[in-house]
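Novice: Input: one structure, supplied below.
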Amino acid sequence: MSNKPAINHKPKQEFNRIADEAFKEVINALKEKPQKLPVVTKPEVVLENKQPNVVVETKEEVQQTPVKLDEAIVVAKQQFDLKTDYLSDETKKAHLELYQDYVDAFNKNSAELDGVETKVSTTGAPKANPELHSLIQDGVYNMNAIKLHELYFANIGDLASVITMDSIPCIRFTNEWGTFNDWQHEFIACCLSTRNGWAITGYDMFLQKYCNYIIDLHNISVPVGVIPVVVMDMWEHAYYSDYQNEKLPYVFAMMKQLNWNVVEKRMLAVEKAAAMFSSMNK
């Protein structure tokens, strides 16, 4: 048996009565002596440093203080085992070596960008910085090449490729295009319409839907706010050694071995991100 003292619980009605009486007392006090109401003041917040941290304060400082960019980003090459039997070993080897070249080029570019200093002149006409422009543009080109190749390598070469009617990709593409085959026809048409570039199916964060896109090279007509879920490399180096100018057999072969498990994981991830993105913009 517990030795704790018993607690005398008052019935709910008693608490309500006490609360009502206290409330009436407060109301009466307000009516009789409104001047005695306490004045609530916002406490003063003392900041250690009341001056905002600005990059530039005076024109003189702009002239005298170079701003050194800290942009050194190092990208590590990913490992891919391209198991597809629709591409020759020579094509796969050359393609992976090209991917390595893009990684090396980006890292070299990033190191050079890290050493760039900019000076904004306040006298005369403002001058552009061609070195900064070139390095940033090259960085975008190489980074896009890296990521598009990684997405492509990861979604091809599934020797046991299969898609079911109740899978996320089939359901989503059917909802957007009417039927899964309609998506396939449009995607293949995009592949055949590329020059040197990429065909992708991606989720548009702004439109909140899946669409097909064509990217020229690695950095032309890249849609803003679109996350790729299916990626096909349509540069000649991806197929010419094995298929020459015949794009269609190459595209059919790659689509026969699309890794739908990878595609589904991408779709689930992008839709989760899209939900957060949408809530932030409401």
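The values are calculated or read from the model by the stated rules, or taken from the named source; none is laboratory data. Everything numeric in this text was worked out from a predicted model, so none of it was measured. Cβ atoms come from the backbone with ideal geometry, glycine included; neighbour counts cover every protein chain shown.
Novice: Suppose we filter GLU90, GLU186 for residues that are among the charged types (D, E, K, R), not assigned by TED's automatic domain parsing to the domain that holds MET232 and not in a loop (DSSP other than H, G, I, E, B); which single one remains? So that I can check it myself, show each step before the final result.
Specialist: Working: GLU186 fails: not assigned by TED's automatic domain parsing to the domain that holds MET232.
Going through GLU90, GLU186 in turn, the sole match is GLU90.
Novice: Among the listed residues TYR243, TYR239, TYR210, identify the single one that is under 21 Å from the mean Cα position of the chain (by Cα), modelled with pLDDT of 95 or more and among the hydroxyl-bearing types (Ser, Thr, Tyr). It would help to see each step written out before you state the result.
Specialist: Values: TYR243 fails: under 21 Å from the mean Cα position of the chain (by Cα); TYR239 fails: under 21 Å from the mean Cα position of the chain (by Cα).
Testing whether each residue is under 21 Å from the mean Cα position of the chain (by Cα), modelled with pLDDT of 95 or more and among the hydroxyl-bearing types (Ser, Thr, Tyr) leaves just TYR210.
Novice: Is it the case that segment 172-195 has a residue that's under 29 Å from THR84 (Cα atoms), modelled with pLDDT under 95, surrounded by fewer than 13 Cβ atoms within 10 Å (Cβ to Cβ) and out of contact with any Ser or Thr (no Cβ under 6 Å at 6 or more places or on another chain)?
Specialist: For segment 172-195, residues under 29 Å from THR84 (Cα atoms), modelled with pLDDT under 95, surrounded by fewer than 13 Cβ atoms within 10 Å (Cβ to Cβ) and out of contact with any Ser or Thr (no Cβ under 6 Å at 6 or more places or on another chain): present.
Novice: What single numbered condition from (1) of a type in the set (A, V, I, L, M, F, W, C); (2) modelled with pLDDT of 95 or more; (3) assigned to a helix (DSSP H, G or I) fails to hold for ILE156?
Specialist: Just one mismatch for ILE156, condition (3).
Novice: Just a yes or no: is a residue in segment 225-241 in contact with a helix residue (DSSP H, G or I) (Cβ under 6 Å, 6 or more places away or on another chain), free of Cβ contacts under 8 Å to residues at least 40 places away in the same chain and hydrophobic (A, V, I, L, M, F, W, C)?
Specialist: Among the residues of segment 225-241, not one is in contact with a helix residue (DSSP H, G or I) (Cβ under 6 Å, 6 or more places away or on another chain), free of Cβ contacts under 8 Å to residues at least 40 places away in the same chain and hydrophobic (A, V, I, L, M, F, W, C), which makes the answer no.
Novice: Can I ask one more? Filter segment 203-230 for residues that are buried (at least 16 other Cβ atoms within 10 Å of the Cβ) and of a type in the set (S, T, N, Q); which is nearest to ILE163 (Cα to Cα)?
Specialist: Looking at residues that are buried (at least 16 other Cβ atoms within 10 Å of the Cβ) and of a type in the set (S, T, N, Q), I get ASN212.
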